[in-house]
Amino acid sequence: MQLLTQLGIRYPIFLAPMAGVTTPVLASQVSEAGGLGALGLGACDAYQAEAAIRATQHQTSQPFQVNFFCHRSTPMDPVKSRAWRDYLASYFAQFNQDVPNELLAAYGSFNDTPALLEVILATRPAVVSFHFGLPPKPCLQALQRANIPYWVSVTRLSEALYAQEQGCSAVIAQGIEAGGHRAMFDPLCDSGLSTTELLQQLVPRITLPIISAGGIMTGSQINGLLKQGASAAQLGTAFIPCKESAASDQLKQRLSTANGTQITDVISGRPARGVVGRWQQEIDSPIRPPHAGYPYSYALAKQLDKLACSQGVTDYTICWAGCGVTALRPLDAIPLMETLIAELQEDPYFTQGRSL
């Protein structure tokens, strides 16, 4: 049985679970239109996660995925923390504020929050997916006993093979073009494979359904990936301009005028692709000190972003986006889904009885 049949959905169009951007309304509308909605819950505690899942379930009876971060938690290095705060002190000073004395972990890991597993078991979403790796074996066994499928984002073949061994029912193959955080289990081991290159490596070697992700903006691109062996495509940046997303008007405006994206690790402490600004062009200098690590660097970046914006400066806005940002279409969720579906159906490969 193929992936879409297993999920009970019509179209191979999956919403990327973008933390801070996806909402119950956006997820439910994508699902209602025949795709797979998603909630990015990496920044949520158990109470917030449960509220978001139940709100989405109230708005749709169709399946959707929920997503969590599974990074390996590490203690903050006081030497690196001090050096990174000193490095960014002048950027805070231009807004007449001292650099914060303390860095906090902006995001906790699913691995360290047992209450999140309890939320999943209580709410029973159609799928749970993980970023930065998989949770420990006892957690996976609990999901298996509850018959809740789980997926993980992968960036190279070895990660996909490991996911298959650990009982995943599908993998999200994230190409280098994808916006937001690179999904490597180890942040220092990035294969740098494009969406197409990664798919070409995975198709002959794994038996799991593959969901391609990275720089995908159109139905024609989705069809191209389906022809190469993907079971579905996951789109994130394409949905940020939707009124149903949680992205601010300021962020949407920044996206609409963006002329390119770049990967840097200085914003959050892990490699992530976003719209090019002062973070990429200036702060990520060849002579900078080591950053404070994830998610401690992220806490400081968010504070600088908030401070600058309060004074009308958008140079430090954190704007995650994929390589397709220049092809954005200013459409809301339903019109965008209708457009993507129409583009899918223009290709005989999709319309002439392709087994999904």
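No lab work stands behind these numbers, since they all come straight from the coordinates. Remember, it's a predicted structure, so these values are computed and weren't measured experimentally. A quick note on method: Cβ atoms are made from the backbone with ideal geometry, for glycine too, and the neighbour counts reach across all protein chains shown.
Some values worked out for this structure:
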{"quantity": "FRET efficiency estimate (nearest 0.05) - Cβ-Cβ, Val79 to Ile334, R0 56 angstrom", "calculated": "0.65"}
{"quantity": "Part-to-part distance (alpha-carbon centres) for the range 1-63 and the range 255-274, which is given in Å", "calculated": "25"}
{"quantity": "Average silhouette area of the range 136-215, convex hull of alpha-carbon atoms, in square nanometres", "calculated": "5.2"}
{"quantity": "Mean ellipticity per residue at 222 nm, deg cm²/dmol - from DSSP H runs of n ≥ 4 across the chain, formula -39500 (n - 2.57)", "calculated": "-10500 deg cm²/dmol"}
{"quantity": "³J(HN,Hα), Karplus 6.51/-1.76/1.60, whole Hz, each residue of the range 275-290, x for Gly, Pro", "calculated": "4, 5, x, 5, 4, 6, 8, 10, 5, 7, 7, x, 10, 6, x, x"}
{"quantity": "Chain lengthening between Glu346 and His58 when straightened (0.36 nm per residue, less Cα-Cα)", "calculated": "100.3 nm"}
{"quantity": "Label-reachable residues, the range 27-57, where backbone N falls under 13 Å from a point 7 Å from Ala142's Cα toward its Cβ", "calculated": "46"}
{"quantity": "Mean separation of Cα contacts under 8 Å, 6 or more apart, over the residue count of the chain: relative contact order %", "calculated": "19"}
{"quantity": "Distance (nanometres) between label positions extended 7 Å along Cα→Cβ at Asp112 and Ala327", "calculated": "3.9"}
{"quantity": "Dipole of the chain [Lys/Arg +1, Asp/Glu -1 at C-beta], most positive-end residue of Leu300, Thr56, Val171", "calculated": "Val171"}
{"quantity": "Point-to-point label distance, Arg124-Ala246, nm (Cα→Cβ direction, 7 Å offset)", "calculated": "2.6"}
{"quantity": "Cβ-derived FRET efficiency at R0 30 Å, Asp190 paired with Val313, nearest 0.05", "calculated": "0.45"}
{"quantity": "Theoretical gain in end-to-end length, Gln200 to Ile287 [0.36 nm per residue, Cα-Cα removed]", "calculated": "27.6 nm"}
{"quantity": "Cα shape, the range 232-356, gyration tensor, a/c 1.5 rule", "calculated": "prolate"}
{"quantity": "Stokes-Einstein diffusion coefficient of the chain, Kirkwood radius over Cα pairs, 20 °C, 1.002 mPa s, in µm²/s", "calculated": "104"}
{"quantity": "In sequence order, calculated HN-Hα J values of the range 308-324 (Karplus, 6.51, -1.76, 1.60; Hz; x Gly/Pro)", "calculated": "4, 5, 5, 10, x, 10, 10, 4, 10, 4, 8, 10, 5, 6, x, 5, x"}
{"quantity": "Ranked packing of 237-248, 23-34, most packed first, by mean Cβ within 10 Å", "calculated": "23-34, 237-248"}
